[in-house]
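What follows is a single structure, written as structure tokens, with notes after it.
The values are calculated or read from the model by the stated rules, or taken from the named source; none is laboratory data. Keep in mind that what you see is a predicted model, and the values were worked out from it rather than measured. When we count neighbours, we look across all protein chains shown, and the Cβ atoms used for this are built from the backbone with ideal geometry, even at glycine.
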Amino acid sequence: MTGEDLRHLCDRLKPFGGASVFAEMSALAVRTGAINLGQGFPDVDGPTAVSEAAVDAIRGGFNQYPPGIGHPVLRHAVAEHQQRFWGLEFDPDSEVLITAGATEAITASLLALTGPGDEVVTFEPYFDIYPADIALAGATRRLVQLHPPDYSFDPDELAAAFGSRTRVLLLNSPHNPTGKVFTAEELDVIARLCVQHDVIAVTDEVYEHLTFDHNVHVPIATRPGMAERTVTISSAGKTLSFTGWKIGWVCASPLLVKAVQAAKQLLTFVNGGPFQPAVAVGLGLGDEYFSDLAADLQARRDLLCDGLSAAGFKVAVPQGTYFVIANVSGFGETDGLEFCRSLPQRCGVVAVPVEVLCDDKAFGSPLVRFAACKRPEVLEQAVERLASLTP
Ligand code: GLN
């Protein structure tokens, strides 16, 4: 996208006006016939019981506007899910709001809670919409770096990012793109700063069920002082493998839900009528559905990490999420963006450059992100192709 293409776009959004890197890389995969390990979406659909429930809902009269806060059956299912897995109690009638995916939930939360003059603290690298949403709200981002190899943060750097203008701490755990799962101890450091500075935590937990080895997801809302100051966000996309349905939710105290709903109703008003009862069926699946999902993805993570290491990448083994970050310096290269643009030609694989998920380009430059959420035979073929790469 050139500057000329964006001439009608307002200055506030110009820096974010090009195609998202995920869309650009998926288009590159389609154009070149390369294996797409760029955009994070599964290449098989989720449980048949859930898709059948959507068909039943379409045939069964769930086709008009749902209530503004979402169909009761899904709000109850979300509240039960939060209780079953994380011990969090939410009133389904006043503390749960259904949204158009986590994306709308995050956008609506930032629009509702921040404005010009306010600051939002978040981590780098970041998911691409975070800086764009902060800018859309007219607020300013304050970034704190997650340092390789384990992508930990320095508590002093985090403390230095908080100040009198900080309104929101935007947290993503498990974290895209690093695969980091924040520990309870790390969350307590963040929580203490939120309490001290009277800051609201907005948390993107869409990979909540995708954690590996001994790592477990801990919602920051469970930490001391955080229940009343956290907007907990998640969605059905990754948990149920229906990323195109765009059903997400917000769980928070009644007044925070009211604030986010005020913004949400101006964005989509309501969304996804027949998918809402279907997602309720999915959230009610037995415990083994959720544990099998993680175990299955862990095996694919191992396949991808082993293949990348054997091919010459330096790999940070992720604790969760769909993603693996690899360093291209083993090939004598430092420019991950160029590396990703040439990769389809060189060996028929698509990845995402981490540089575009960073303000500090030098920091992100040698890093590229591969998605592990594809069928094992696809991953096997991809690592075979990557093994042919030469410096
Ligand atoms: N969350 C997915 C990813 O990180 C898809 C993002 C997108 O296409 N907007 O790849």
Take the conditions within 29 Å of PRO353 (Cβ to Cβ) and surrounded by fewer than 24 Cβ atoms within 10 Å (Cβ to Cβ) and apply them to THR243. Does it pass?
yes
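Determine whether SER173 is of a type in the set (Gly, Ala, Ser), away from the ligand (no atom under 16 Å from the Cβ) and closer than 26 Å to VAL315 by Cα.
Numbers: of a type in the set (Gly, Ala, Ser): yes; away from the ligand (no atom under 16 Å from the Cβ): no; closer than 26 Å to VAL315 by Cα: yes.
No, not satisfied.
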Give all pairs with beta carbons closer than 8 Å in which a residue from the range 13-27 that is surrounded by fewer than 13 Cβ atoms within 10 Å (Cβ to Cβ) and among the small types (Gly, Ala, Ser) meets a residue that is modelled with pLDDT under 90 and part of a loop (DSSP other than H, G, I, E, B); count only pairs at least 6 apart in sequence or on separate chains.
ALA19/MET1
Residues in the range 284-311 that are over 17 Å from GLU384 (Cα atoms) and not hydrophobic (A, V, I, L, M, F, W, C) total 9
Filter the range 111-140 down to residues that are free of Cβ contacts under 8 Å to residues at least 40 places away in the same chain and in contact with a Lys or Arg (Cβ under 6 Å, 6 or more places away or on another chain), then give me how many there are.
1
Conditions first: (1) within 16 Å of the ligand (Cβ to nearest atom); (2) in contact with a strand residue (DSSP E or B) (Cβ under 7 Å, 6 or more places away or on another chain); (3) at pLDDT 95 or above. VAL21 passes all but one, so which condition is the exception?
(3)
When restricted to PHE275, PHE331, the only residue in contact (Cβ under 8 Å) with a residue 24 or more places away in the chain and under 23 Å from the mean Cα position of the chain (by Cα) is PHE275
Go through the residues of the range 176-195 one by one and say whether even a single one is within 16 Å of the ligand (Cβ to nearest atom), within 23 Å of ALA259 (Cα to Cα) and within 19 Å of the chain's Cα centre (by Cα).
no
Given (1) small (Gly, Ala, Ser); (2) within 16 Å of the ligand (Cβ to nearest atom); (3) under 20 Å from the mean Cα position of the chain (by Cα), SER291 misses just (2)
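So which residues in the range 254-281 are in a loop (DSSP other than H, G, I, E, B) and surrounded by fewer than 19 Cβ atoms within 10 Å (Cβ to Cβ), if there are any at all?
Pass one, the range 254-281, residues in a loop (DSSP other than H, G, I, E, B): 268-274.
THR268, PHE269, GLY273 - these are the residues of the range 254-281 that are in a loop (DSSP other than H, G, I, E, B) and surrounded by fewer than 19 Cβ atoms within 10 Å (Cβ to Cβ).
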Inter-residue pairs, beta-carbon under 6 Å, first within 20 Å of LYS180 (Cβ to Cβ) and in the range 288-315, second among the hydroxyl-bearing types (Ser, Thr, Tyr), 6+ apart:
VAL315/SER309
Tally the residues that are assigned to a helix (DSSP H, G or I) and either over 25 Å from LEU266 (Cβ atoms) or of a type in the set (A, V, I, L, M) (or both), restricting the search to the range 110-130.
5
Out of PHE370, PHE339, PHE323, PHE313, report the one residue that is within 16 Å of the ligand (Cβ to nearest atom), of a type in the set (Phe, Trp, Tyr), more than 16 Å from ASP128 (Cβ to Cβ) and at pLDDT 95 or above.
PHE370
Here the residues within the range 336-384 that are in a helix (DSSP H, G or I), aliphatic (A, V, I, L, M) and more than 20 Å from PHE16 (Cα to Cα) are LEU343, VAL378, LEU379, ALA382, VAL383
Check whether at least one residue in the range 133-156 is within 16 Å of the ligand (Cβ to nearest atom), surrounded by 23 or more Cβ atoms within 10 Å (Cβ to Cβ) and closer than 30 Å to ASP287 by Cα, and report yes or no.
no
Just checking, does the range 207-217 include any residue being within 16 Å of the ligand (Cβ to nearest atom), out of contact with any Phe, Trp or Tyr (no Cβ under 6 Å at 6 or more places or on another chain) and of a type outside the set (A, V, I, L, M)?
yes
